[in-house]
Amino acid sequence: MVQQSQFGNTPMEDPNLHLTMFLEVCDTLKFNGTSTNAIHLRLFRFCLRVKAWAWLHSLPPGSISMWDELTKVFLAKFFSSKQDGEFEESNYLICSTKGRVTL
């Protein structure tokens, strides 16, 4: 389901829109005993294409354990490159969740 709309960092792709669409899909999934944070972190890798996927896997193991952390580094990497470095805190799409999961 999340693979239908993969982000690859092409000029026509909007990282904010991608995150919004990803969260809409994730919000349709519920697993007993699994936090929303865990669902987001575990599924995010499947909604990325080559360059974005490689970037995610280049992050140090254990460096991301919360969805809002991943959102920040994702947008810092991909939104700022689209806006010529004009990245502001107000552009973050942050989903607050409970629990910690190591990526």
*Considering each residue of the range 26-40, count those that are at pLDDT 90 or above and in contact with a helix residue (DSSP H, G or I) (Cβ under 6 Å, 6 or more places away or on another chain), and give that number.*
3
*Only residues that are surrounded by 15 or more Cβ atoms within 10 Å (Cβ to Cβ) and touching a residue at least 24 places away in the same chain (Cβ under 8 Å): list them for the range 33-51, please.*
SER35, THR36, ASN37, ALA38, HIS40, LEU41, LEU43, PHE44, CYS47, LEU48
*Considering only the range 52-103, how many residues are modelled with pLDDT of 90 or more, over 15 Å from LEU19 (Cα atoms) and surrounded by fewer than 17 Cβ atoms within 10 Å (Cβ to Cβ)?*
10
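The values are calculated or read from the model by the stated rules, or taken from the named source; none is laboratory data. Note that the coordinates shown come from a computational prediction; the quantities given were computed from them, not determined experimentally. Positions of Cβ are generated from backbone atoms using ideal geometry, with glycine treated the same way; all protein chains shown enter the neighbour counts.
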